[in-house]
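For reference, the structure discussed in these notes is given below.
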Amino acid sequence: MIWGYTIAQVALACAAGLICVISGLAGRKPNDPSLGSLVLVELALIAQLVIAIIAPGLGNQPVGSVPEFYVYLISALLIPPLAVFWALIERTRWSSVVLGVAAFAIAVMVFRMQQIWGLG
Amino acid sequence: MSEHSPEPDPASAAKVSARGGAGVGRVLVAVYAVLAIAATGRSVFQIIDRFSEAPVAFALSAFSGVVYIVATIALGARLRGLAWVTISIELIGVLVVGTLSLVAPAALGLDSIDPFGRESTVWSAYGAGYLLVPLVLPVLGLLYLWRSGRAPAASGTSPSEVATSSPKA
């Protein structure tokens, strides 16, 4: 993993979380900004997966457990699609808050992934 | 283009407003789902990878994961009785295990009390490794169950009141 990218990704996920939670509390149903922010979070995770596959070959070796890292990464990859799916089925303001919860969960999981990969 | 686009009728509008409380419940279901994944995923990994290091703690962690899964389903399917039981177990669990992990970590077979460490479980140090969500969530869950259970009784007007007040108008 790359520290700078991880920080950017956590910041992106937190921003998406704030957008969605505020949008939901303001009474908005899931809309383009909230759904779009989750799509960005998912794309950033896919990029992280590519980085994780390539990095060891370039000398960026994980310090911690590789399977544990991938348990987090694969679970994280599943969360935004599930949240968007939920938001499309149940079109209420609370689904916007659910999108935000998913985004914040991704922020925490990406941070945990960096901890496992190594904070060095 | 069809002119039959349905206007929101009063009955469905009333249904939507009555579901306001249920809406918050949906957020609760989502948070529970995330915690269920987090607790179960982590404990399964710990049990496969290093069960011998702290068997009691990891077994408790797996148990908590199962409880979170059942609680998520109970809240989602509005099985109130099951939700009361599972969320109560969570509150008791996080208080008892959280206290033990700080006061007597050896009782759980823990060498360290670091809530972010490799032996940390979902209930260690009151769930500090999960931003205290495991401590806050059961309280919110029980409050939600209590309030949503009271809501129908509070909103209903008693027939005698209607009977006595209507002739005056």
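The values are calculated or read from the model by the stated rules, or taken from the named source; none is laboratory data. These figures come from a predicted structure and were not determined experimentally. We place every Cβ from the backbone using ideal geometry, glycine too, and count neighbours over all the protein chains shown.
So which residues in segment A:80-95 are of a type outside the set (V, I, T), more than 10 Å from chain B (Cβ to nearest Cβ) and surrounded by fewer than 24 Cβ atoms within 10 Å (Cβ to Cβ), if there are any at all?
Hits for segment A:80-95 are A:P81, A:F85, A:L88, A:R91.
Residues are listed down the side, and each one gets a yes or a no for (1) among the aromatic types (F, W, Y); (2) free of Cβ contacts under 8 Å to residues at least 12 places away in the same chain; (3) assigned to a helix (DSSP H, G or I):
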residue	(1), (2), (3)
A:C20	no, no, yes
A:G36	no, yes, yes
A:Q48	no, no, yes
A:I51	no, no, yes
A:N60	no, no, no
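Among the residues of segment A:11-41, what is the count of those that are within 26 Å of A:V71 (Cβ to Cβ) and surrounded by fewer than 19 Cβ atoms within 10 Å (Cβ to Cβ)?
Just the residues of segment A:11-41 that are within 26 Å of A:V71 (Cβ to Cβ), to begin with: A:11-17, A:20, A:37-41.
Next, from what is left, pick out any that are surrounded by fewer than 19 Cβ atoms within 10 Å (Cβ to Cβ): A:11, A:14-15, A:39-40.
Within segment A:11-41, residues that are within 26 Å of A:V71 (Cβ to Cβ) and surrounded by fewer than 19 Cβ atoms within 10 Å (Cβ to Cβ) number 5.
Restricting attention to segment A:96-116, does a residue exist that is more than 10 Å from every other protein chain (Cβ to nearest Cβ), of a type in the set (F, W, Y) and within 26 Å of B:G76 (Cα to Cα)?
No, because not a single residue in segment A:96-116 is more than 10 Å from every other protein chain (Cβ to nearest Cβ), of a type in the set (F, W, Y) and within 26 Å of B:G76 (Cα to Cα).
Mind checking which pairs have a first residue in segment B:21-34 that is closer than 18 Å to A:S75 by Cα and at the interface with another protein chain (Cβ under 9 Å from one of its Cβ atoms) and a second that is in a helix (DSSP H, G or I) and at pLDDT below 80, Cβ under 7 Å, 6 or more apart or different chains?
none
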